[in-house]
């Protein structure tokens, strides 16, 4: 294992504002729709579900949004995070490419999710909210909300997708340690959960289904609001601190990325690392490529359709203009639980539609092969979600080798895999497999959607 080179910032260099890419998009995202009237959603219609401060951020068109001081002070516990030159991986690949990664695994919960959990808990606290509900796929978002809610004195109820609840018990234990109540989804706690179980008593769950349960729980209990870990504009806004820091760090070493890569579930990870750099393509004529790396078993960007669809399975959320596999889509039980989501955020979807970003689907076995190589050369065992970005970074580095060209590659290491070791055990034991979604399954699910886009 070769020593890597870290590029560090002082806390005083940490950004004081988040970046909102909507301000610089020529084609703005289509509006979300009220699911009842099919008319553009108004901010007041989101306030029974989300804190008012977050609703304001959801609809803002300002280029920069100031980070509240109390949030900024909590960020300083683990931010700025290191930018690392992956020299060991470069050597193993024998590539002329320079590979950098932003190490978000250094947060207290081991992932980037805390970047949005802290401000979401803060805005609920200052509004006087007492109780929060949320969902989680792999457990990283639930873990982040658990510690953020504990800091601000909020109760938290987490609906965790059943397959991850069973596969990743230590994520559940982390949430419980921070004081959250964790419920396997689908559950019998909610009407949504009971309906999902009636459809399939052996359902392994999905993020869409867990969202339905968490939304229902928030809407039916007083002093309760809901928080979401991806997809929506305000979540993506919070995550741009990743790319804003990376931009400063790459400037310190005199490099600028030719390719920026992030794994993709709903968009927070990819958007966080990409959007601050993408603004220079939009405004300054830069030509960086941006690749969203998604699982081949849940290929909403590469094989989905651009339509209005619900963000949840039951149909309780606003309708979002997005690339989707249909809200009824049941993903395969892959270990990258945070990427098992049927749709994509509206901003990312519009950027993909306009050809400003790319998407690539990666098979499960290739992702674990990449994760093991990364661990053996860089010393960090990556989360299964992050291995998708690593796999695509390796592909790009090998292309640079074939072409004999130097290439600057940047990817987001969104989290470590130290409590995902059962996934690696399954990989080494030969229990994992690849899975391609039948085209007829996608077509059937999407055909049920009302054509509003």
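May I ask you to list the residues in the range 398-422 that are buried (at least 24 other Cβ atoms within 10 Å of the Cβ) and either assigned to a helix (DSSP H, G or I) or out of contact with any strand residue (DSSP E or B) (no Cβ under 8 Å at 6 or more places or on another chain) (or both)?
420
Residues in the range 191-205: is at least one over 21 Å from the mean Cα position of the chain (by Cα) and within 18 Å of residue 121 (Cβ to Cβ)?
Checking the range 191-205: not a single residue is over 21 Å from the mean Cα position of the chain (by Cα) and within 18 Å of residue 121 (Cβ to Cβ).
Which one is surrounded by the fewest Cβ atoms within 10 Å (Cβ to Cβ) among residues in the range 14-27 that are assigned to a helix (DSSP H, G or I) and in contact with a helix residue (DSSP H, G or I) (Cβ under 7 Å, 6 or more places away or on another chain)?
Looking at residues that are assigned to a helix (DSSP H, G or I) and in contact with a helix residue (DSSP H, G or I) (Cβ under 7 Å, 6 or more places away or on another chain), I get 24.
Restricting to the range 28-54, count the residues that are without any contact (Cβ under 8 Å) to a residue 40 or more places away in the chain and either touching a helix residue (DSSP H, G or I) at 6+ places or on another chain (Cβ under 6 Å) or in a strand (DSSP E or B) (or both).
Residues in the range 28-54 being without any contact (Cβ under 8 Å) to a residue 40 or more places away in the chain and either touching a helix residue (DSSP H, G or I) at 6+ places or on another chain (Cβ under 6 Å) or in a strand (DSSP E or B) (or both): 3 in total.
Suppose we filter 77, 129 for residues that are in contact with a strand residue (DSSP E or B) (Cβ under 6 Å, 6 or more places away or on another chain) and part of a loop (DSSP other than H, G, I, E, B); which single one remains?
129
Which condition number does residue 430 fail, the rest of (1) out of contact with any strand residue (DSSP E or B) (no Cβ under 7 Å at 6 or more places or on another chain); (2) over 25 Å from residue 329 (Cβ atoms); (3) touching a residue at least 24 places away in the same chain (Cβ under 8 Å); (4) not in a helix (DSSP H, G or I) being met?
(3)
Those residues that are touching a strand residue (DSSP E or B) at 6+ places or on another chain (Cβ under 7 Å) and either without any contact (Cβ under 8 Å) to a residue 24 or more places away in the chain or within 28 Å of residue 219 (Cα to Cα) (or both), I need them from the range 55-64; list them, please.
Across the range 55-64, the qualifying residue is only 57.
So is residue 163 modelled with pLDDT of 95 or more and either crowded, with 22+ Cβ neighbours inside 10 Å or not in a helix (DSSP H, G or I) (or both) or not?
Against the criterion (modelled with pLDDT of 95 or more and either crowded, with 22+ Cβ neighbours inside 10 Å or not in a helix (DSSP H, G or I) (or both)), residue 163 does not qualify.
Got a sec? Which of 243, 266, 262 is touching a strand residue (DSSP E or B) at 6+ places or on another chain (Cβ under 9 Å), assigned to a strand (DSSP E or B) and touching a residue at least 12 places away in the same chain (Cβ under 8 Å)?
262
The values are calculated or read from the model by the stated rules, or taken from the named source; none is laboratory data. Note that the coordinates shown come from a computational prediction; the quantities given were computed from them, not determined experimentally. Cβ sites come from the backbone with ideal geometry, for glycine too, and all protein chains shown count toward neighbours.
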